[in-house]
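Remarks on the structure that follows.
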Amino acid sequence: MPNKITFCLTVVFTLSAAVAAIRLRNPVHCALSAALAFAGLAVAFLGLDAEFIAFAQILVYVGAISILSIFAVLLTRGTEVEPTAAVFSRSWITGIAITLGTAAAILVPIFSSSILYKIAPAVASAPVQMIGTELMTHYLLPMEVMGLLLTSALIGAVVIAMSDRPEKKDDSSHPSVTRYPSAESKPATKRDLTTV
Amino acid sequence: MTPLSYYLGLSGLLFAVGFAGAVTRRNAVIVLLGIEFMLGAANMNFIAFWRFGASGSAPTGIMAVIFTIAIAAAEAAVGLALIIAVYRHRQTTQLEQMDSLKG
C-alpha cells in the first residue's frame, strides 16, 4: 500500500510539472518545470527497480537537457512574448483535439486489457556491473555507433550554432563577445568600435 | 507492487502532455521540451515492460532506454543549435514566423 501512495504522489508531481512546463508563459519557467517533471520520472524509474536508469535520467535530463534549454532561451533573448501576445498557436484547438484522440487511443486499450492487474515478478534487478558487462559484450556495436552519433551530433551542433558572418575572422580573438549577437545592437557597437 | 497498467497510464498521460506541448506552443524551445516528454514516456514503457516481463534476467529494456537517452541528448543538442541558428537569421523563435524556406 505505501508503494501505491508513493506512486500516486509521483504521478501527481510529474504530470503537474509537465503540464506547467507546457502551459507557463515564461520559457525559463517552462524549462525549470520540465526539470521537475524529468526528476519525477526518475522517481518512477526508481520504483521500477531501475536505479541506473533513474540516475542517468537525473544526469542527462535534469542536468543537461533542461540546462541546455535554459541556455537556448537565454541566448534567444528579446523574443519573449509580450504580456498580451498569444503563447499558443492559432490552431491550438485542433492540436488539443488531436491530443485528446491520441490519449484516448493510448489509454483506452491499456485500461481495458488483461494486463491491468499483472503483478511484477518478485526479483528483477539489473546491477550496474551486469549493465556494463552487457554493454561490452552483446551491445558493443550499438554502443560504438552511439559514441559516433554523439560525437557527430556534438560537432554538428557546434557547426550549426556557429556564426557564419563574413566578418567572423576579425572577431575570432573575442569569441565570447561576438559569438551570440543580440538582436540589433551588435552592428552599431561594432561600427562604433572600429571608428574609435 | 504497483500494477503494470498504472505505469502504462502514467506513460500515456505524459506522452499526451508532451504531444500537446509539441503541437500547440509557439516557442520552438518548448516544442523541443514536449518532444523530450514524449521520449521520456517511451522510456517509461520500456522500463515497465522490462520490470513486468518474463525475461527478468536480461536487461534488454534497460539497454534500450540507455540508447534512447543518448539519442534524446543528441537530438536536444542539435535541435537547440538549430533554434539558435534560425534565431540568428530571423531574430525569432516563434514557429509561426518561421514560414519561409528562403534564408
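No lab work stands behind these numbers, since they all come straight from the coordinates. Just so it is clear, the model here is predicted, and its values are computed rather than measured. Neighbour counts are summed over all protein chains in view; Cβ atoms, including those assigned to glycine, are modelled from backbone coordinates with ideal geometry.
Here are the numbers:
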{"item": "For B:42-53, mean number of other protein chain Cβ atoms within 10 Å", "result": "5"}
{"item": "Amide hydrogen neighbours beyond the local backbone of B:ARG25, cut-off 5 Å, H modeled", "result": "A:SER89"}
{"item": "Most to least packed among A:99-106, B:65-72 [average Cβ atoms within 10 Å]", "result": "B:65-72, A:99-106"}
{"item": "³J(HN,Hα), Karplus 6.51/-1.76/1.60, whole Hz, each residue of the stretch A:46-55, x for Gly, Pro", "result": "4, x, 9, 6, 10, 5, 4, 5, 4, 6"}
{"item": "At 0.692 mPa s and 37 °C, Stokes D of the stretch B:44-87 from Kirkwood alpha-carbon radius, µm² per second", "result": "273 µm²/s"}
{"item": "Other-chain or far-sequence residues with amide H under 5 Å of B:GLN94's (modelled H)", "result": "none"}
{"item": "Footprinting exposure proxy for B:VAL17, A:VAL12 (fewest neighbouring C-beta atoms within 10 Å first)", "result": "A:VAL12, B:VAL17"}
{"item": "Mean separation of Cα contacts under 8 Å, 6 or more apart, over the residue count of chain B: relative contact order %", "result": "27 percent"}
{"item": "Neighbour-count ranking [beta-carbon atoms within 10 angstrom, fewest first] of B:GLU36, A:GLU134, A:GLU51", "result": "A:GLU51, A:GLU134, B:GLU36"}
{"item": "For B:THR24, net neighbour charge (Lys/Arg +1, Asp/Glu -1) across residues whose Cβ lies under 14 Å away", "result": "+4"}
{"item": "Residue with peak Gaussian network fluctuation, chain B [Cα springs, cutoff 10 Å], from B:LEU82, B:LEU14, B:LEU33", "result": "B:LEU82"}
{"item": "Ranked by how many other beta carbons lie within 10 Å on average, peptides A:36-49, A:62-75 from highest", "result": "A:36-49, A:62-75"}
{"item": "Whole-Hz ³J(HN,Hα) from phi, Karplus 6.51 cos²θ - 1.76 cosθ + 1.60, for the stretch A:91-107, glycine and proline x", "result": "9, 5, 5, 4, x, 5, 5, 4, 4, 5, x, 4, 4, 5, 5, 7, 7"}
